[in-house]
Amino acid sequence: MEKRDTICAISTPVGKGGIAVARISGREAKVISEHHLCSLKGKAVTLHDRRAKVCRLCDGYDFVDEVVVIFFAAPHSYTGEDVVEISCHGSLYVQERLLRLLCDGGARMAEPGEFTLRAFLNGRLNLSQAEAVADLIDSQSKASHGLAVSQMRGGYARELEELRQQFVDLAALLELELDFSDEEVEFADRRRIRDTVNALKQKVSRLIDSFRMGNAIKNGVPVAIVGAPNAGKSSLLNALLREDRAIVSPVPGTTRDTVEETLSIDGIMFRFIDTAGLRDSDDSIEKLGIERSRKAIEKAQIVIVVHDVSAGPDEEAEAMFADVSQTDRIILLVHNKCDLVLPPYPDGLTVSAKTGLGVDELKQSMIKAFREKMTDQGDVLLTNARHYEAMGKVLSALIEVEKGMDSELPTDLMVIDIRDALYHLGTITGKVTSDEVLSSVFSRFCIGK
C-alpha cells in the first residue's frame, strides 16, 4: 500500500471549543498551507521546520482567523511525511472553513486512522505500536495508560522480535540440514531442538495466559459480587461506589439482573458486577438472573463472596468460596453487617456496607491482590484480541513441530510448521500484512489520528 496524496482533518474532538487543531500530511502539505496563510502584516509566509508561526488564515482577501502554525519536515514527523498543524479558534464555522480551504487547495479529507496508517507504512511505527496509539487514546486509568505507553514505546515489540529471532534461528538450522540432505548430515541435535521448542512453547503460552490480565487492565478489571439473597451485595456495591447505584431492599431476590459500574482505585479501573442472589428458585425471571450471575463469576478476575453475619454461618457462602478458590481468580471473603453482629470469623474481611466500616480495607485488599497477580504475569502482557488469536496459532504450530518430532517426521515438514509460526508472529508486528488486516486495525481510530 502506498499513500502519496495529501490528507487533512481536524485532530481535536468534534465540536466547539477553545481551539481546534487541523493536521495536514503529504507532499503538498507545506505548499497548500502556505497558500492560505499570511503574516500579521499581510505578507507571504514561508514555513520553517519545527518553528511555530502566528499567522492570518485568509480566503483570498477575506480574513478567516488568526492561527498558530507548525511545520514538521519529513521524515521527522508523526507520519514520516511533511506535516503541518494549524491551531485555530474552536468555532465550528472556522473549522469547516479551514478544511474547505485545504481541500480546495488539493488535499482530501483523511479516513479514520489514516495518519497513523501512514506512520506505519513509512516505518515510523510497527503495527503493534500503531494499535497501542488507539489504546492510549482509549485509556481510562493509570494502569491501562501504562500498558499502552509501554507497547507504544516498543517494549512489547522487542519481546516479539526476540521471540521471532529464536524461530528464525531454529528454522535456519533445520533448513541447513535440508541443503545437505543428500549427504545425510544432521546439524541440529534433536534433543536441543526439543528443548528449544519447549522453551518457545513456554514463552508463547505465558503471553497467551497474560491476555486475561492485560484485557482486564485495558477494559476494567471485572469484579463479581456474589452471595446469598439479602446478604448485602447491592449495599456493598453502593458503599464501594459511594452512591446509590443499586436498589436495596430487605426483600430477598430484589436484584434479578447483573448491575455493572466502574470505579478507578489507585490507578486501576475496576468493573463491579452486582449479581442476583444465588439460591434455588422457581421464579423464571430470578432463575435467569441467577444464570447471569454464574456467567459473571466465570468472567471475573476478582470474586467477592459476601456473607451475612447476622444470619449466622452460611454453608452456601463457604461452599461457594471453596469452589471458586479452586480457580485462578482472586477470591475475597467478606463478612457483612458487622454493625449488627460482631462476627467471630478469623478468615476474611469484616465490613459494614451500611456504615462504611471496612470498605476502604476491602479496596486495599483488592489492589494488593491484583498487583501481586500482575507481577506474576511478567512485564509484557497481551491486551489485543487480534494478537491473542495470532499467538494461539503460533502455539498450534509449535505443537505440530513437537508432534512431528515424536513421529520422527522429515525435517522439511517441521520447517513448514516453523514458517507458519513465523507468519502468524509477523501479522502482529506488521512484517506480514494484508489490506484486510490494516483496514480492520485502523478503522477503529478516530479521524485526525
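Packing order of peptides 221-229, 40-48, highest average first: 221-229, 40-48 (average count of other Cβ atoms within 10 Å over each peptide's residues). Size estimate for the range 98-138 follows the Kirkwood approach: the inverse of mean 1/r over distinct Cα pairs works out to 11.5 Å. Rolling a 1.4 Å probe over the protein heavy atoms gives the range 52-113 an accessible area of 47 Å² per residue. The protection proxy used here, the mean number of other Cβ atoms lying within 10 Å of each residue, ranks peptides 52-64, 135-147 as follows, highest first: 135-147, 52-64. The length gained on full extension between LYS16 and VAL54, counted as 0.36 nm times the residue separation minus their Cα-Cα distance, comes to 11.5 nm.
Using Cβ point charges alone (K and R +1, D and E -1), the dipole size of the range 130-171 about the Cα centre works out to roughly 160 debye.
Evaluated at q = 0.14, 0.23, 0.25 Å⁻¹, the base-10 log of the normalised Debye intensity for the range 30-120, with identical point scatterers placed on the Cα atoms, takes the values -0.50, -1.28, -1.42. Label-to-label distance, LEU241 versus ALA172, with points set 7 angstrom from Cα along the beta-carbon direction: 5.7 nm. Of the solvent-accessible surface of the range 341-391, computed with a 1.4 Å probe and all protein chains present, 53% belongs to carbon and sulfur.
Once divided by 2.2 N^0.38 Å, the Cα radius of gyration of the range 1-159 becomes 1.11.
Normalised by residue count, the range 358-449 yields a Cα convex hull volume of 166 Å³ per residue.
Taking packing as the residue-averaged number of other Cβ atoms within 10 angstrom, the listed peptides 153-164, 300-311 run from highest to lowest as 300-311, 153-164. Of the GluC sites (Glu not before Pro) found in the range 344-449, those that fall in a DSSP loop while having at most 16 other beta-carbon atoms within 10 Å are GLU408. Could you provide, to the nearest whole Å², the per residue accessible area of the range 125-177 with probe 1.4 Å? For the range 125-177, the per-residue accessible area is 43 Å². Accessible surface of the range 36-76, 1.4 Å probe: 54 percent of it comes from carbon and sulfur atoms. Note that the range 115-130 has calculated 3J(HN,Hα) couplings of 5, 6, 4, 5, 4, 5, 5, 8, x, 7, 9, 8, 5, 5, 5, 4 Hz, one per residue in order, obtained from phi through the Karplus relation 6.51 cos²θ - 1.76 cosθ + 1.60 (θ = phi - 60°); glycine and proline are x.
The values are calculated or read from the model by the stated rules, or taken from the named source; none is laboratory data. In this text the structure is predicted, and so the values were computed from the model without any measurement. Cβ: placed from backbone, ideal geometry, glycine included. Neighbour counts: every protein chain shown. Note: accessible area is taken over every heavy atom of the protein model, side chains too, but ligands, DNA and RNA are not part of it. Shrake-Rupley method; radii C 1.70, N 1.55, O 1.52, S 1.80 Å.
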